[in-house]
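Undergrad: The structure is given below, and queries will be raised subsequently.
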Amino acid sequence: MKIQTVKHSVSKVAGLIAIALTTALFSLPALAGIGEAVNRMNQKPQSSSKETPTAPASTTTEPTAPAPMTTEPAAPTPTTQEPQSKPQAAASGTIVDVASSNSSFKTLTAALKAAGLTQQLSGKGPYTVFAPTDAAFAALPEGTVEKLLKPENKEVLKKILSYHVVSGKVESTDLKTGQVQTVEGAPVEVSVSGSSVMVNDAKVTTPDIKATNGVIHVIDKVILPPGI
């Protein structure tokens with residue numbers, strides 16, 4: 001009787017154990033799910049670091065300071081020089097004064113004195129003189145100037161020099177092609193071509209040297225009157 005009771009108790013316990021095991025098996029997934037849910041609930045949500053809102057980039061550009069302007073010095077305005085005319089002597093004296101102060105007229109000055117024409121060409125005038133330079137006198141045959149300066153040849157010298165003198169003030173703009181009467185009495189032949197002026201076979205190299213009693217035109221040759 002006891003043995004049966006024990007067996008009956010053992011089998012009852014075994015049944016209970018089986019039921020418990022079966023229940024446990026079926027409960028494991030649920031418990032696992034519950035555990036996971038609990039874990040999720042227990043886990044604090046990771047605090048997402050709040051990003052500091054970035055201020056929108058300013059669209060307004062600060063004005064750039066203007067670069068200092070370096071003022072370059074203005075280029076000098078080119079000055080256009082007008083073509084200079086041939087130098088002219090100032091009217092600082094008479095024809096004789098101007099001739100004697102010019103280093104190119106040493107022979108002419110000496111010849112005027114030797115011929116006795118200094119006083120006449122220092123007078124009121126006016127006169128126009130075609131004045132040979134020293135080089136023009138030097139181009140004469142050798143010994144000619146020395147011979148003419150001798151007192152015995154004064155009249156010949158006066159005739160030659162007077163052939164270079166015209167009464168009145170005749171500037172280069174007044175000269176025209178043709179004959180011009182001289183103080184000597186015989187005319188000279190003037191030839192004008194553009195800016196070129198010829199007196200007989202002598203060329204005017206410097207025109208219009210002014211004097212208080214007339215004008216001088218420089219020529220490159222000594223011109224001789226007819227018969228000399």
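The values are calculated or read from the model by the stated rules, or taken from the named source; none is laboratory data. This one's a predicted model, so the numbers in the text were calculated from it and none came from an experiment. Heads up, the Cβs are rebuilt from the backbone with ideal geometry, glycines too, and the neighbour counts pull from every protein chain shown.
Undergrad: Tell me yes or no: at least one residue of segment 168-183 is of a type outside the set (S, T, N, Q), in contact (Cβ under 8 Å) with a residue 60 or more places away in the chain and assigned to a helix (DSSP H, G or I).
TA: No, segment 168-183 contains no residue that is of a type outside the set (S, T, N, Q), in contact (Cβ under 8 Å) with a residue 60 or more places away in the chain and assigned to a helix (DSSP H, G or I).
Undergrad: Condition first: surrounded by 13 or more Cβ atoms within 10 Å (Cβ to Cβ), at pLDDT 95 or above, among the hydrophobic types (A, V, I, L, M, F, W, C) and in a loop (DSSP other than H, G, I, E, B). Can you find one or more residues in segment 186-196 that meet it?
TA: There is at least one residue in segment 186-196 that is surrounded by 13 or more Cβ atoms within 10 Å (Cβ to Cβ), at pLDDT 95 or above, among the hydrophobic types (A, V, I, L, M, F, W, C) and in a loop (DSSP other than H, G, I, E, B).
Undergrad: Looking at Val145, Val129, Val156, can you tell me which residue is within 26 Å of Asp208 (Cβ to Cβ), of a type in the set (A, V, I, L, M) and modelled with pLDDT of 95 or more?
TA: Val129
Undergrad: For Leu149, state whether it is surrounded by 14 or more Cβ atoms within 10 Å (Cβ to Cβ), under 51 Å from the mean Cα position of the chain (by Cα) and farther than 15 Å from Val218 by Cα.
TA: no
Undergrad: Taking the condition of being assigned to a loop (DSSP other than H, G, I, E, B) and either surrounded by fewer than 16 Cβ atoms within 10 Å (Cβ to Cβ) or touching a strand residue (DSSP E or B) at 6+ places or on another chain (Cβ under 7 Å) (or both), how many residues in segment 121-144 meet it?
TA: 9
Undergrad: So Ala67 clears everything in (1) at pLDDT 90 or above; (2) in a loop (DSSP other than H, G, I, E, B); (3) over 27 Å from Gln181 (Cα atoms) except one condition, right? Which one?
TA: (1)
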